[in-house]
Every structure is written in structure tokens, then in C-alpha cells.
Amino acid sequence: MINVNKLVQDALALREHGKYSIARLKFTEAIQVEPFNSNYYRQYGQLSYLLGEHQYAVAAYLSALHIEVAKVEHYGLTEESKPLYDRLPSKIKKSLPVKGALMLYYDTNTLRHLAHAIADFDEEMMSKEPQLLAFKQLYEADLKGDFKTLQSLMGVFNRSLDDIREEEAEFYISIGRELALEWIKWKQIDNLDVGQLYFP
């Protein structure tokens, strides 16, 4: 029997030492054991980003979001999700493809990662919007857990952590939400074979 907790611990230790490819393989194994664990897909996505394989990062983040939406659809609005749904403005509620899409207004971290996986690898966008290069470098240092480089870059780009969070919320999260609304396979939301649905 595979010990999934050991796989995850090993993967996180490997990631910390910059062994992203091997760490990703460990998360692949963890996904095979627990295919509906959205957190494993997020980790897979982050490692794919760090490996420069943005198409796999995008697939992993869409998979994570798909699973979270599908859970709400399967179980219906629960004691946890109903207050979240009720708090959404009626205009947003009416625009949701399914009720479970409420997760796109609360799982903002995955949306942020999704947007980075697209924008940070778009050379044309980077050349037109030089400030995006600063965001990319800050994000990458943060993702690597390289806090020394992050502090240095914050000084170079004259940004505080609060500035970074605000800019991410204004730009990346909204882009991530737009992409998710467009790319999640809503008509197949009850299909949890996300590997088949999203991976190239």
C-alpha cells in the first residue's frame, strides 16, 4: 500500500532543495492514489511552472478548480458553501455557469497561479508591459521560497508585500477568474477524470 503522506512529505522536501522534476513525480504518484485531491494538482502546477512547463501548470490549476467546483455540484450547497454563495452579489450569481462556480470567487490563490502560468510565459505581453517582468520575478522568488531574493527584488522594484498582494488581486486574480470561466469544461463538470479533460 502506498503511503501518500510520505509521498507528499518527500515531494515537499525535494521541492525545498530545488529538485522540482523529482518532486513533481512524487505528486504524480500522490494524484494516482488520491485523484480528487485538488491540493496535489496545485502543487503539481507550481512545480510545472518552476520547470518552465506552463501548459502543465495551466492544466493542473484548471484540474484543481474543476475538482473544487465539482464537489459543490455533487454535494450541493452545504453549511460551509451556502453562506459563501449567499454573500455573492445577485448579478454574479446569475452569471455563474453552475452554482459550484462560486469557488472562483473564493479560491483566489489558484486563480492567481493560473494567471501567472499564462502571463509569465507570454513573451509578447512581457515586452509590451515591462512591469509584468517585475511581477514574474517576485512571484517566482516567492514560489521557490527564496526569501532572500524576494526581499532584494522588493527593494529593486520598490514594492512592499502589501503592494504585491494588492497588485496580484487587481491584475492576476481577475485574469485567472476570466480564464477559468472560459476554460473549465462546464458541460463535463460531473466528470472527475481531470487528467483526460485538461492535460495535453
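The values are calculated or read from the model by the stated rules, or taken from the named source; none is laboratory data. Bear in mind that the values here come from a model prediction, so they are computed numbers and not experimental data. Glycine also receives a Cβ, built like all others from the backbone with ideal geometry; neighbour counts cover every protein chain displayed. Protein only, heavy atoms only, side chains kept; ligands, DNA and RNA dropped before computing areas. Shrake-Rupley method; radii C 1.70, N 1.55, O 1.52, S 1.80 Å.
Scanning the stretch 94-108 for residues that are open to solvent by 40 Å² or more (accessible area, probe 1.4 Å), free of Cβ contacts under 8 Å to residues at least 40 places away in the same chain and either touching a Cys at 6+ places or on another chain (Cβ under 9 Å) or assigned to a helix (DSSP H, G or I) (or both) returns Lys94, Ser95, Lys99.
Would you check if Ile189 is open to solvent by less than 80 Å² (accessible area, probe 1.4 Å) and in contact (Cβ under 8 Å) with a residue 60 or more places away in the chain? Considered against the rule, which asks whether it is open to solvent by less than 80 Å² (accessible area, probe 1.4 Å) and in contact (Cβ under 8 Å) with a residue 60 or more places away in the chain, Ile189 comes out as yes.
This table checks each residue for (1) among the basic types (Lys, Arg); (2) modelled with pLDDT under 90; (3) over 29 Å from Ile92 (Cα atoms).
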| site | (1), (2), (3) |
| --- | --- |
| Pro130 | no, yes, yes |
| Leu143 | no, no, yes |
| Thr149 | no, no, yes |
| Gly155 | no, no, yes |
| Arg165 | yes, yes, no |
| Ala169 | no, yes, no |
| Tyr172 | no, no, no |
| Ala180 | no, no, no |
| Trp183 | no, no, no |
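Among the residues of the stretch 110-138, those that are free of Cβ contacts under 8 Å to residues at least 24 places away in the same chain, open to solvent by 10 Å² or more (accessible area, probe 1.4 Å) and assigned to a helix (DSSP H, G or I) comprise Glu123, Glu124, Met125, Met126, Ser127, Lys128, Gln131, Leu133, Lys136, Gln137. Here the condition is being within 26 Å of Ala60 (Cα to Cα) and of a type in the set (A, V, I, L, M, F, W, C); of Leu88, Leu133, Leu153, it holds for Leu133 alone.
So is Leu62 surrounded by 14 or more Cβ atoms within 10 Å (Cβ to Cβ) and assigned to a helix (DSSP H, G or I) or not? Answer is yes for this residue. Annotation: Glu79 fulfils all but one of (1) at pLDDT below 95; (2) within 25 Å of Lys187 (Cα to Cα); (3) not hydrophobic (A, V, I, L, M, F, W, C); (4) not in a helix (DSSP H, G or I); the unmet one is (2).
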